[in-house]
Amino acid sequence: MSASLDFLRTVKPFDRLPEDVLAEVAEGLQEVHHPRESIIYHQDTTKLRGLDIIVDGEYETFFYDSQQNRRVVEHSRRGECYGGISLLLNKKKSLRTVLTRRDTRVYFLHRRDFLALCQGYESFFHFFTARYGQRMLNEEYAHFVRPATSAGSSYLASDQLFSRRLETIEMRPVVLCAAYTPIHEVARRMAAARTSCYFITNADENGHIIGYVTDITLRDKVVAGLADARLPVETIVDAPVVSISSRAFVYEAILLMFRTKTRYLLVETDGEYVGMLSRNKLLTDDQAQSPFIFIQSVKQAQAVPELKRRWEQVPEMVYQLLNRGVKPEIVNQVITTVSDTIALRVIEDTIGELGPPPAKFVYMVLGSEGRKEQTLLTDQDNAIIYEDKANEQRELVRAYFLRFAEIVSDRLHEIGFSYCEGGFMAKNPKWTHSLSHWKRNYVQWMADSNPETGMQFAASFDCRHLYGDATIMDELHEFLAVELEKPTDRFFHYMAVNALQYEPPLTFFNNIRTFAHGTQQVFNLKKTMSPIVDLVRMYALKHRIFATNTGERLEALKALGVFTEREAQELLQSYYYLMGVRLKKQAAQIINDNATPDNYLDPKSLTKVEQVTLKEIFKVIADFQLKIKVSFTKSLG
């Protein structure tokens, strides 16, 4: 007893206890031996019986992340304690995993006696709580001990939201008036009908809807603008009108509203308008839950720091949606809509600072963002096309858009959209040009076909209008459609070379081929998916289909008879299965591991069924790569 008492006198915080109490504690200690390289406690699993006080040897304590990497590694040696914080603050479960580095001897104090000391001696108790507070200042430590978000929290979406069609929603009737109707009369009709939106038709017999008027229109253009209320309503009408099929899903309507910035949708069946829906109706409907309320909060964010905080919340939303079984293609659309909303806010704020652009232009997004297939590991892929101007204005126009692109890109980077390592962004002068220059780019890329220009063409073909004058992109597409009618064998040959660069990671013996990454054997999910994107893009080019999304391209190709129903379904299911695995893995890395996400996957982390599914997907990809060889190149065997 004398040896243990002498030892306790040197150990914090036991040295703070009265001598008679310390002697009683020493008498109740139990000596325990642990062999070297033994894991004696597992984080958040092992229930601790008491406090360990190390006499000889060494404890290595750490957190395991989801990839079984050791994080926040610490070492405890003679005279140090383990278990106090776990007993007090983690429901008696070990906060960390504990490994003995050497043969280790400890004095064990039962938790009953430990808790009694904490209750009886404030300074003894404060030693452990102060130590916990100091450790929580370490951001990585705090990440791993932070309580996990409950399964039912903020971003869960109801099942019906993703399975319910608009035709099942109660709609308001479409109310109409002619363009020549006086403004005050339209306002009177809106009040009588208790509606916040009236649609306006032209004066012709066909009664074509040309726009709409809302409460906000009347406030901003009539009251605030001091307009004459006796003028015809066509003088204040808002446009364009946005419509959607009654067979569309509720989530599709909400995403469309956010993308087009409209608060009202016309719903049509077989070419006829059958009703009208407002954004408020859908967002307050019992079926519409927080992914879309969240998007609304992004729209209302006031500055870059707030936009950054919103983007940092996206992984949690993605993880919960996938856990609820929401399809990966829908989750892609949610991510893309949030990303678009952030970019639009940055663009509008930048124009507000720089002043109106000196020319019409379009800001377009490229690559995965252009295809509406963003993941959580995303960089900037964007470009600017501006209208051609007279010689004396060219330098002024170009200077404005390069400055504009630089500010937008820097702010997006600050928010969390990193710079593109390949330089495919408007900040790079090569990707901000006039329309005529962009046309020359396409001609040159197609004429000087090689793997590098093929990559540039592929990036620019996966382009989507985000802001500005969409007719500029329409003109570019019309130009490209004409160019694609010319002889293009050499061009498609090099596109095929790019598409065939990566083979599915399947060995001759039907095993998944991996490579070393850190302590794991992995394969690259992004590269595994690339052949599907490349394959579908090539056929879209060949048939002059300008949809950007891989799923939309496949639907169009199926309609043309390029792919059978079975082929299209195999490719779609393969692509979005891989997308789901990729998104969930990235979300887990951010949420659980506090780590930068990547595209690497260890097959051993999957179930047997998931591994078999992957192998079948790899076979599908390989079969379609063979189709590329046959269709687009004769020199590749």
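Where a number appears in this text, it was derived from the coordinates with a stated rule and is not lab data. Note that the coordinates shown come from a computational prediction; the quantities given were computed from them, not determined experimentally. All Cβ positions, glycine included, derive from the backbone under ideal geometry; neighbour counts span all protein chains shown.
Could you derive backbone 3J(HN,Hα) for segment 219-224 from the dihedral phi with the Karplus parameters 6.51, -1.76 and 1.60 (θ = phi - 60°), listing whole Hz in sequence and x where the residue is Gly or Pro?
5, 6, 9, 9, 5, 5
Return the sequence-ordered ³J(HN,Hα) values of segment 575-583 in whole Hz as given by the Karplus equation 6.51 cos²θ - 1.76 cosθ + 1.60 applied to θ = phi - 60°, using x for Gly and Pro.
Ordered by residue, 3J(HN,Hα) equals 4, 7, 5, 4, 4, x, 4, 5, 5 Hz.
Which is the longest run of the chain containing none of the GluC sites (Glu not before Pro) found in DSSP loop states (not H, G, I, E, B) with at most 14 other C-beta atoms within 10 Å? Intermediate results must be reported in sequence, preceding the final value.
Details: sites that count: Glu37, Glu170, Glu205, Glu421, Glu485.
So the longest stretch without any such site is 206-420.
To the nearest 10 degrees, how steeply does helix 111-120 sit against the main Cα axis of the chain, on a 0 to 90 scale?
90
At 0.36 nm per residue, minus the direct Cα-Cα distance, what do Ala130 and Glu483 gain on full extension? Give it in nm, one decimal, please.
On the way: separation 353, 0.36 × 353 = 127.08 nm, distance 7.10 nm.
Full extension from Ala130 to Glu483 adds 120.0 nm.
Calculate the dipole size of the chain relative to its Cα centre from +1 charges on Lys and Arg beta carbons and -1 charges on Asp and Glu beta carbons; express the result in debye to the nearest 20.
Numbers: 78 positive and 81 negative charges, 178 e Å.
Result for the chain is approximately 860 debye, rounded to the nearest 20.
At 0.36 nm per residue, and after removing the present C-alpha to C-alpha distance, how many nm does the segment from Lys93 to His208 gain when stretched out fully? Mind showing how you got there, number by number?
Working: separation 115, 0.36 × 115 = 41.40 nm, distance 6.86 nm.
Going from the current span to full extension adds 34.5 nm.
Quick one: which residues, 5 or more positions from Ala178 or on another chain, have an amide H under 5 Å from its amide H? H modelled 1.01 Å from N in the peptide plane, none for Pro or chain starts.
The list, which skips near neighbours in sequence, is Thr201.
Using the Cα atoms of the chain to build a convex hull, what is its mean projected area in square nanometres?
Mean projected area for the chain: 38.1 nm², to one decimal.
Considering amide H positions built from the backbone, and no H for Pro or chain starts, which residues 5 or more places from Ser434, or on another chain, come under 5 Å of its amide H?
Close amide H contacts, sequence-distant or interchain: Tyr386.
Considering the options Met473, Tyr363, Pro13, tell which one lies farthest towards the positive end of the dipole of the chain, charges being +1 on Lys and Arg and -1 on Asp and Glu at the Cβ, about the Cα centre.
Pro13
Taking amide H atoms as placed 1.01 Å from N in the peptide plane, list the residues 5 or more away in sequence, or in a different chain, whose amide H sits under 5 Å from that of Gly50.
Counting only residues 5 or more places away or on other chains, the set is Arg111.
With +1 on each Lys and Arg Cβ and -1 on each Asp and Glu Cβ, and nothing else charged, work out how big the dipole of segment 2-145 is about its Cα centre, in Debye to the nearest 20. Display every interim value, and only then the final one.
On the way: 21 positive and 21 negative charges, 95 e Å.
Its charge dipole is roughly 460 debye.
Run the simple label-point estimate for Asp623 and Thr235 please: 7 Å along Cα→C-beta, distance reported in nm.
6.6
Among Tyr251, Val106, Val213, which residue has its Cα furthest toward the positive end of the charge dipole of the chain, with +1 on Lys/Arg Cβ and -1 on Asp/Glu Cβ?
Towards the positive end, the residue furthest out is Val106.
Report, in degrees rounded to the nearest 10, the 0 to 90 angle that the Cα long axis of helix 183-193 makes with the longest principal axis of the chain.
That works out to roughly 50 degrees.
Please list, in order along segment 341-348, the HN-Hα scalar couplings obtained from phi with the Karplus expression 6.51 cos²θ - 1.76 cosθ + 1.60 (θ = phi - 60°), rounded to whole Hz, x for Gly and Pro.
Per residue, the Karplus-derived 3J(HN,Hα) values read 4, 5, 4, 4, 4, 5, 4, 5 Hz.
Kirkwood Rh, Cα Rg: Rg to Rh for segment 487-637? Mind showing how you got there, number by number?
On the way: Rg = 16.5 Å, Rh = 16.6 Å.
The Rg/Rh ratio comes out at 1.00.
Put +1 on the Cβ of every Lys and Arg and -1 on every Asp and Glu Cβ in the chain; which of Thr548, Ala187, His34 then has its Cα farthest towards the positive end of the dipole?
Final value for the positive-end residue is His34.
Mind computing the radius of gyration and Dmax over the alpha-carbon atoms of segment 2-145? Å is fine for both.
Both quantities, over Cα of segment 2-145: 14.9, 49 Å.
What is the angle, in °, between the Cα long axis of helix 470-483 and the longest principal axis of the Cα atoms in the chain? Nearest 10 is fine, range 0 to 90.
Long axis of 470-483 versus the principal axis of the chain: about 80 degrees.
Cross-link candidates for Lys619: which aspartates and glutamates have Cα within less than 17 Å, leaving aside residues fewer than 8 places away along the same chain?
Glu503, Asp534, Glu567, Glu570, Glu610
Using a Förster distance of 22 Å, how high is the FRET efficiency between Ile293 and Asp215, based on the Cβ-Cβ distance and rounded to 0.05? List each step's numbers first, then the result.
Working: r = 22 Å, r/R0 = 0.98.
Step by step, r from the Cβ atoms, then E = 0.55.
For Asp20 and Glu395 in the same chain, what is the full-extension length gain: residue separation times 0.36 nm, less their Cα-Cα distance, in nm? Don't jump to the answer; show the numbers that get you there.
Values: separation 375, 0.36 × 375 = 135.00 nm, distance 8.74 nm.
Here the segment from Asp20 to Glu395 would lengthen by 126.3 nm.
Suppose R0 equals 60 Å. What FRET efficiency, 1/(1 + (r/R0)^6) with r the Cβ-Cβ distance, do Lys308 and His75 give to the nearest 0.05? If you can, show how the numbers build up before the last one.
Numbers: r = 36 Å, r/R0 = 0.60.
According to the calculation, E is roughly 0.95.
Only Lys, Arg, Asp and Glu count, each charged at its Cβ (+1, +1, -1, -1), so figure out the dipole size of segment 487-637 about its Cα centre, rounded to 20 debye. List each step's numbers first, then the result.
Numbers: 20 positive and 14 negative charges, 52 e Å.
Dipole of segment 487-637, to the nearest 20 debye: 260 debye.
Taking loop as defined by DSSP and a crowding limit of 15 other beta carbons within 10 Å, which trypsin sites (Lys or Arg not before Pro) in segment 234-285 fit? Mind dumping the intermediate values first?
Details: sites: Arg247, Arg259, Lys261, Arg263, Arg279, Lys281; in loops: Arg247, Lys261, Arg263.
Here the sparse-neighbourhood loop sites are Arg247, Lys261.
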